[in-house]
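Down below is the structure, laid out as structure tokens.
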Ligand SMILES: C[S@@+](CC[C@H](N)C(=O)[O-])C[C@H]1O[C@@H](n2cnc3c(N)ncnc32)[C@H](O)[C@@H]1O
């Protein structure tokens, strides 16, 4: 194994400080010029970026030289967690010194270290981050998008709805093209997009619901709050009875409505019913505490709400429809709960992801 000196890029400078650093103090020498004082500041900034690399290289050295003894009590001795030890070492190994550049932080490297990426892809993302001064969060988003593209490329093309469907299938289709049997569905649990340009979709959803729901069956749909009155009126105009508005509490949400200075921390699910006798099985609370889940779709909802409401409004073996399936949350929960599902989305990638999720992809 080459030693770290041999691997360091020739243009990397060694760090030295004027004065003395102790555990709790930096004792500067008298008489520094302003340039020397500024240079010392730069060195401190470089040290901040370097510390994780130093730990990582130190751990890799220990592992290489004392494989038997090195891990014993390491995290207790140093006061760093096992997880940090593992992570520091992992990043240092993925990016040996000759692959490191000064212009991006260690945290940027951590964002692109995933093993799905080739060295060239990692270098390209880091180069981009350095050139544009991209934040760590933006690098994370870019890496996530790229990972998703790679995952999608490996998945088979999903089935397209052309007038036929099977129970427990997810197919590509615009809601407008769905032609499902009348009074065949026990519940709709869904989540159309919320922006103004999508408001018409709630009309289409209502038409579909009025046609496919059995008598007394429920439609539950997430929606934004901005157009709530319009949405409720539109759905009622199609012959469904407005019942309630449930809330998914999202304390983790960072969403804000700048126009009205509002931090947004809950999401409505409006509940409607096709007129007639209902077969509601269980009492339910009208608030669910959500968890942030975005692994399969950027607009993915948590599993907690369907897990609470689907068993309340359907029997085992009942059929639940989701015409805007996104990342597949509704079918995923239906499968877990022993309900049949019919799911559609016009976006091919969303359907691919949903099918992969159902077959156990992480
Ligand atoms: C908010 S997302 C659903 C997220 C889903 N609840 C989840 O947990 O992953 C809305 C979905 O509606 C889909 N969509 C938008 N317009 C549509 C249309 N006209 N027909 C069918 N699907 C549509 C989008 O592609 C998107 O995947």
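Bear in mind that the values in this text are calculations on the coordinates, not laboratory data. None of the values given here were measured: they were computed from a predicted structure. Cβ: placed from backbone, ideal geometry, glycine included. Neighbour counts: every protein chain shown.
What is the projected area of the convex hull of the Cα atoms of segment 49-133, averaged over all directions, in nm²?
Result: a mean projected hull area of 5.9 nm².
Taking only the C-alpha atoms, wrap a convex hull around segment 208-252 and report its volume per residue in Å³ as a whole number.
Working: hull volume 4.1 nm³, N = 45.
Dividing the Cα hull volume of segment 208-252 by its residues yields 91 Å³.
For the pair residue 66 and residue 254, what calculated FRET efficiency results from E = 1/(1 + (r/R0)^6), where r is the Cβ-Cβ distance and R0 = 51 Å, to the nearest 0.05?
Computed FRET efficiency for residue 254 and residue 66: 0.70.
Which whole number in µm²/s is D for segment 227-299 by Stokes-Einstein, with the Kirkwood Rh taken over Cα pairs at 10 °C and 1.306 mPa s?
The calculation lands on 108 µm²/s.
Efficiency by 1/(1 + (r/R0)^6): what FRET value for residue 34 and residue 98, r their Cβ-Cβ distance, R0 = 41 Å, to the nearest 0.05? Mind showing how you got there, number by number?
Numbers: r = 35 Å, r/R0 = 0.85.
According to the calculation, E is roughly 0.70.
Between residue 315 and residue 280, how many nm apart are label points set 7 Å from Cα along the C-beta direction?
Spacing of the two 7 Å Cα→Cβ label points: 1.9 nm.
How fast does segment 134-275 diffuse by Stokes-Einstein, in µm²/s, taking the Kirkwood radius from C-alpha pairs at 10 °C and 1.306 mPa s?
90 µm²/s
For a protection proxy built on the mean count of beta-carbon atoms within 10 angstrom, sort 192-198, 245-251 highest first, please.
245-251, 192-198
Provide, in order from the shortest bin, the percent of all Cα-Cα pairs of segment 148-221 in each 10 Å bin, continuing until the bin that contains the maximum pair distance.
16, 42, 31, 10, 1
Apply the Kirkwood formula to segment 261-320: the hydrodynamic radius equals the inverse of the mean of 1/r over all pairs of different alpha-carbon atoms; give it in Å with one decimal.
Kirkwood radius, segment 261-320: 13.8 Å.
Mind checking the angle between helix 228-237 and the chain's longest principal axis? C-alpha axes, 0 to 90 degrees, to the nearest 10.
Approximately 30 degrees, to the nearest ten.
Figure the gain on full extension for residue 237 and residue 47 (residue separation times 0.36 nm, minus the Cα-Cα span) and round it to one decimal in nm.
61.9 nm
Using only Cα atoms and rounding to the nearest 10 degrees, what angle (0 to 90) does helix 34-65 make with the longest principal axis of the chain?
Between the helix axis and the principal axis of the chain, the angle is about 80 degrees.
Taking Cα pairs under 8 Å and at least six residues apart, what relative contact order does segment 191-248 come out at, in percent?
Relative contact order here is 46 percent.
In square nanometres, what is one fourth of the surface area of the convex hull spanned by the alpha carbons of the chain?
Values: hull surface 102.0 nm².
Over all viewing directions, the chain projects a mean Cα-hull area of 25.5 nm².
Please state, as a whole number in µm²/s, the translational diffusion coefficient that the Stokes-Einstein equation yields for segment 224-353 at 37 °C and 0.692 mPa s, with Rh defined as the Kirkwood radius across alpha carbon pairs.
203 µm²/s
Rounded to the nearest 0.05, what FRET efficiency do residue 124 and residue 215 have when you use their Cβ-Cβ distance and R0 = 56 Å? Walk me through the numbers on the way to the answer.
On the way: r = 58 Å, r/R0 = 1.03.
Between residue 124 and residue 215 the formula returns 0.45.
Restricting to Cα pairs below 8 Å that are 6+ residues apart, what does the relative contact order work out to for segment 204-287? Please round to a whole percent.
So the answer I get is 42 percent.
Could you check how many percent of all C-alpha pairs in segment 85-147 are farther apart than 14 Å?
50 percent
Across 10 Å bins from 0, what is the distribution of all Cα-Cα pair distances for segment 65-215, in whole percents?
It works out to 8, 23, 19, 17, 16, 12, 4, 0, in whole percents.
Which order do the peptides 209-215, 277-283 come out in when sorted by mean C-beta neighbours inside 10 angstrom, highest first?
209-215, 277-283
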